[in-house]
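Trainee: I'd like to ask some things about the structure below.
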Amino acid sequence: MSKIVEIFEVGPRDGLQNEPVFISIEDKIALTEGLARAGLPRIECASFVSPKWVPQMAESAGVVSGTTPGLAKLYVLAPNSRGLQDALQTRVQGICVFIAATEGFSQANTNISLAGAVERVQTLITEFKHKASGDVRLRGYISCATHCPYDGAVEPPTVARLAEMLHRSGCDEISLGDTMGTAHPEQVAKMLDAVVQVVPAQSLAGHYHDTAERALENIDVSLDYGLRIFDSSIAGLGGCPYAPGAKGNLDTEKLYDHLTKKGYDIFGNPNRMALAAMAQLARKVVGR
Ligand code: HMG
Ligand code: MG
């Protein structure tokens, strides 16, 4: 099995979206650009969601246009047709659509039932196929892949069905979210057991928040299932505004150190010292 793992950086989006302090567009660009210069190959840098729902992401187009092209592939989140259209006006290399595995989180995060969200994401993917140029990639997220703050435990077959739907509809990659960051490795194993039956492991990513500080154990389990892409956030910033109590994402430096200690090569060969400098910048930007 491959000894190369990719770190998919979500700091400028998932890391910043829930921060209460004002963060200037210059700081957002500096962070995205610095992470790209540090050698991270893909960065989720912004989100074309409603600014009424997530005010911190209001200047997303400016973040994309302000970042020097060609350093890293820039990905952004799009929740609906409007977000997709706006995102495709910019020079992004990846669009992320998202869906939750539960009714409660779907309502809280996107104001729609789970059935409505499935329909909406399928329409969005169809629009993406018509409108995006061939080199723009499509990533799909499934939130609450093990546990939901509103509905409790999530059955693995539910996640598998959604992952299969996203895969068949045309997502290149599906990122499985432990949104609350409280999953045990056994829960992740059960979830992956079901998902890898229907989607190849190389099309999956692990997006494990680190509230209970078990994200690395969950990554170890995922490595055993063949996953080789993991999401993390510089300085461990982050959390979803609609997932009460969910703290940060897995810290990029922590992930880098863990993987390299286990003998994995990191795709793109990011510079460890540059990551440390970016963590400092990230902490400064959010006032910590
Ligand atoms: P809604 O209120 O049902 O939608 O929200 P609406 O169509 O009634 O729109 C409300 C207002 O927002 C309107 O403005 C729209 O024009 C505007 P008004 O007429 O009142 O002035 N609007 C927009 N503006 C800019 N861009 C848009 C857009 N869409 C509508 N794209 C909606 C539905 C989906 C829009 C809303 O619920 C939303 O934006 N939700 C996003 C929430 C979010 O971003 N959550 C965090 C990201 S997901 C996450 O963090 C999880 C993840 O990390 C994985 C994991 O950890 O599990 C990915
Ligand atoms: Mg997240």
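Values quoted throughout were computed directly from the atomic coordinates according to the rules given, and no laboratory measurement underlies them. Quantities reported herein were computed from a predicted structural model and do not represent experimental measurements. Virtual Cβ from ideal backbone geometry, glycine too; neighbours counted across all protein chains shown.
Trainee: With 10 angstrom as the radius, rank 210, 231, 135 by how many other C-beta atoms surround their C-beta, starting from the fewest. Before the final figure, lay out each step's value.
Mentor: Numbers: 210 25, 231 29, 135 8.
With the fewest neighbours first, 210, 231, 135 line up as 135, 210, 231.
Trainee: Below 8 Å between Cα atoms, with a sequence gap of 6+, how large is the relative contact order for segment 49-191 in percent? Don't skip to the answer; put the middle values down first.
Mentor: Working: 215 pairs, mean separation 30.0, N = 143.
Relative contact order for segment 49-191 comes out at 21 percent.
Trainee: Please arrange 45, 240 by counting, for each residue, the other beta carbons lying within 10 Å of its beta carbon, fewest first. Could you put the intermediate results ahead of the total?
Mentor: Working: 45 29, 240 23.
By the 10 Å Cβ count, ascending: 240, 45.
Trainee: Here's something else I'd like to know. Out of residues 5 or more away from residue 100 or on other chains, whose amide H comes under 5 Å of its own, with H placed 1.01 Å from N in the peptide plane?
Mentor: Residues meeting the amide H criterion: 143.
Trainee: When only DSSP loop residues count, what chymotrypsin sites (Phe, Trp or Tyr not before Pro) in segment 1-83 have their Cβ near at most 12 other Cβ atoms within 10 Å? Present the calculation step by step, with values, prior to reporting the outcome.
Mentor: On the way: sites: 8, 22, 48, 53, 75; in loops: 22, 48, 53.
Within segment 1-83, the qualifying chymotrypsin sites (Phe, Trp or Tyr not before Pro) (loop, at most 12 other Cβ atoms within 10 Å) are 22.
Trainee: Using the structure shown, list the pairs from 28/131; 73/129; 3/28; 28/73; 247/284; 3/262 with a Cα-Cα distance above 21 Å, or answer none. Kindly include the intermediate steps, with their values, before the conclusion.
Mentor: Values: 28/131 27 Å; 73/129 19 Å; 3/28 32 Å; 28/73 16 Å; 247/284 18 Å; 3/262 10 Å.
Cα-Cα > 21 Å for 28/131; 3/28; rest within.
Trainee: With unit charges on the beta carbons (Lys and Arg positive, Asp and Glu negative) and the dipole taken about the Cα centre of the chain, which residue among 134, 46, 102 sits farthest to the positive side?
Mentor: Farthest along the dipole direction, towards plus: 134.
Trainee: Given Cβ point charges of +1 (Lys, Arg) and -1 (Asp, Glu) and nothing else, what value in debye, to the nearest 20, does the dipole of the chain about its Cα centre take?
Mentor: 560 debye
Trainee: Calculate the dipole size of segment 221-273 relative to its Cα centre from +1 charges on Lys and Arg beta carbons and -1 charges on Asp and Glu beta carbons; express the result in debye to the nearest 20. Display every interim value, and only then the final one.
Mentor: Working: 6 positive and 6 negative charges, 13 e Å.
The dipole of segment 221-273 has a size of about 60 debye.
Trainee: Also, I was wondering about something else. If the chain between residue 155 and residue 53 were fully stretched, how many nm would it gain, using 0.36 nm times the residue separation less the Cα-Cα distance?
Mentor: Values: separation 102, 0.36 × 102 = 36.72 nm, distance 2.83 nm.
Gain on stretching residue 155 to residue 53: 33.9 nm.
Trainee: Here's another thing I want to ask about it. What is the diffusion coefficient of segment 159-222 in µm²/s, taking the Kirkwood radius over Cα pairs and the Stokes-Einstein relation at 10 °C with a viscosity of 1.306 mPa s?
Mentor: Numbers: Rh = 11.8 Å.
The diffusion coefficient I find is 135 µm²/s.
Trainee: Let me ask something additional. From the mean inverse distance of alpha carbon pairs (Kirkwood) and the Cα radius of gyration, derive Rg over Rh for the chain. Please report the intermediate quantities before stating the final value.
Mentor: Working: Rg = 17.0 Å, Rh = 18.4 Å.
We get a ratio of 0.92 for the chain.
Trainee: Using a Gaussian network for the chain with springs between C-alpha atoms less than 10 Å apart, which of these wobbles most: 92, 154, 49?
Mentor: Maximum among the listed residues: 154.
Trainee: Amide H of residue 175 versus every other amide H placed in the peptide plane: which residues, excluding those fewer than 5 positions away on the same chain, fall under 5 Å?
Mentor: Sorted by chain and number, the residues that satisfy this are 140, 141, 142, 205.
Trainee: Average the reciprocal distances over every distinct pair of alpha-carbons in segment 85-156, invert the result, and give the Kirkwood radius in Å. It would help to have the intermediate numbers written out before the result.
Mentor: Working: mean 1/r = 0.0757 Å⁻¹.
It works out to 13.2 Å.
Trainee: For segment 150-193, take the alpha-carbon Rg, divide it by the Kirkwood Rh, and send me Rg/Rh. If you can, show how the numbers build up before the last one.
Mentor: On the way: Rg = 11.2 Å, Rh = 11.4 Å.
Here Rg/Rh amounts to 0.98.
Trainee: Send over the per residue convex hull volume for segment 190-241, Cα only, as a whole number of Å³. Don't jump to the answer; show the numbers that get you there.
Mentor: On the way: hull volume 5.1 nm³, N = 52.
So the per-residue Cα hull volume is 98 Å³.
Trainee: Here's a follow-up. On the first, second and third principal axes, largest extent first, how far apart are the outermost C-alpha atoms of segment 1-77 in Å?
Mentor: 44, 25, 18
Trainee: So what's Rg/Rh here for segment 14-164, counting alpha carbon atoms and using the Kirkwood radius for Rh?
Mentor: Working: Rg = 15.7 Å, Rh = 16.2 Å.
Dividing the radius of gyration by the Kirkwood radius yields 0.97.
Trainee: If you count, for each residue, the other Cβ atoms within 10 Å and average over each peptide, how do 194-204, 257-267 line up from highest to lowest?
Mentor: Values: 194-204: 17.2, 257-267: 14.5.
For the peptides 194-204, 257-267, the packing ranking is 194-204, 257-267.
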